[in-house]
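For reference, the structure discussed in these notes is given below.
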């Protein structure tokens, strides 16, 4: 590799790490602790996958997703999953529109058409409703009435769920679980972290995260991640883990 090429690679890596550090730091203005959870979410975002956060209510799962959306110049939508939610409430539906040319069908996009989608309490909806996410999470597209609509990149689904032993929840279908890159277990904060949370939530100076990265930069960072060479022994280890854990 020439000196100029090496310098270019070093500059690209430095820019990547600087942007990632800014993103972590800005998320930290709202989220106390939970470093491993934040790390896992960012790995999913840059790896082009989706993340499932599991934990009892009140641990800041929804706040983490909202904070991530606020630190990125990207569109954000929140879907509150309930037992009576229907697939059309997520992907959208064709409606009759009347204008000077007469009546016609027009597709009204649902909340799935956003860069960052929060599927809040996803396991409170029936498997039929959960299936509305399958195509979007796998193909980054939505098909309604034989018409396919592409979702704008980056497309990232962050879902939260309560433990299954809680009332009013449905287990996620295997096909739905396969769409998630990580399942991250959110634990209770430690004693010192609770003190920090209390200090932040009982004063007039409420922290507010800023947008520090544009969505186009996230797409560039995803492409850079795919260019990182993978050592053969690491690849072999991953293959053996997959084969050993296959049903």
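The values are calculated or read from the model by the stated rules, or taken from the named source; none is laboratory data. Just so it is clear, the structure is predicted and the values come from calculations on it, not from any experiment. So basically every Cβ, Gly included, is an ideal-geometry build from the backbone, and we count neighbours across all protein chains shown.
Just so you know, in the range 168-217 the residues that are in contact with a helix residue (DSSP H, G or I) (Cβ under 7 Å, 6 or more places away or on another chain) and in a helix (DSSP H, G or I) include one that is surrounded by the most Cβ atoms within 10 Å (Cβ to Cβ), and it is 176. The set of residues from the range 218-247 being more than 19 Å from residue 43 (Cα to Cα) and assigned to a loop (DSSP other than H, G, I, E, B) comprises 246, 247. The residue of the range 24-37 that is nearest to the chain's Cα centre (by Cα), among those that are closer than 16 Å to residue 221 by Cβ and buried (at least 18 other Cβ atoms within 10 Å of the Cβ), is 27. For the range 44-53, the count of residues that are in a strand (DSSP E or B), touching a strand residue (DSSP E or B) at 6+ places or on another chain (Cβ under 8 Å) and without any contact (Cβ under 8 Å) to a residue 24 or more places away in the chain is zero. Select from the range 144-158 the residues that are modelled with pLDDT under 85 and in contact with a strand residue (DSSP E or B) (Cβ under 9 Å, 6 or more places away or on another chain) and write down the one among them that is farthest from residue 69 (Cα to Cα). Taking the candidates together, the pick is 145.
Considering every residue within the range 93-104, establish whether at least one is closer than 23 Å to residue 61 by Cα and either surrounded by 14 or more Cβ atoms within 10 Å (Cβ to Cβ) or over 16 Å from the mean Cα position of the chain (by Cα) (or both).
Kept after step one, since they are closer than 23 Å to residue 61 by Cα, are these residues of the range 93-104: none.
No, there is no match, as no residue in the range 93-104 is closer than 23 Å to residue 61 by Cα and either surrounded by 14 or more Cβ atoms within 10 Å (Cβ to Cβ) or over 16 Å from the mean Cα position of the chain (by Cα) (or both).
Tell me which of these residue 143 doesn't satisfy, since it passes every other one: (1) surrounded by fewer than 19 Cβ atoms within 10 Å (Cβ to Cβ); (2) touching a residue at least 40 places away in the same chain (Cβ under 8 Å). It fails just one condition, (2).
Looking at this structure, is residue 11 under 30 Å from residue 198 (Cβ atoms), free of Cβ contacts under 8 Å to residues at least 12 places away in the same chain and assigned to a helix (DSSP H, G or I)?
Working: under 30 Å from residue 198 (Cβ atoms): no; free of Cβ contacts under 8 Å to residues at least 12 places away in the same chain: yes; assigned to a helix (DSSP H, G or I): yes.
It is false that residue 11 is under 30 Å from residue 198 (Cβ atoms), free of Cβ contacts under 8 Å to residues at least 12 places away in the same chain and assigned to a helix (DSSP H, G or I).
Results for (1) without any contact (Cβ under 8 Å) to a residue 60 or more places away in the chain; (2) more than 24 Å from the chain's Cα centre (by Cα), shown as yes or no for each residue.
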position: 137; (1), (2): no, no
position: 151; (1), (2): yes, no
position: 163; (1), (2): no, no
position: 175; (1), (2): yes, no
position: 181; (1), (2): no, no
position: 190; (1), (2): no, yes
position: 216; (1), (2): yes, no
position: 233; (1), (2): yes, yes
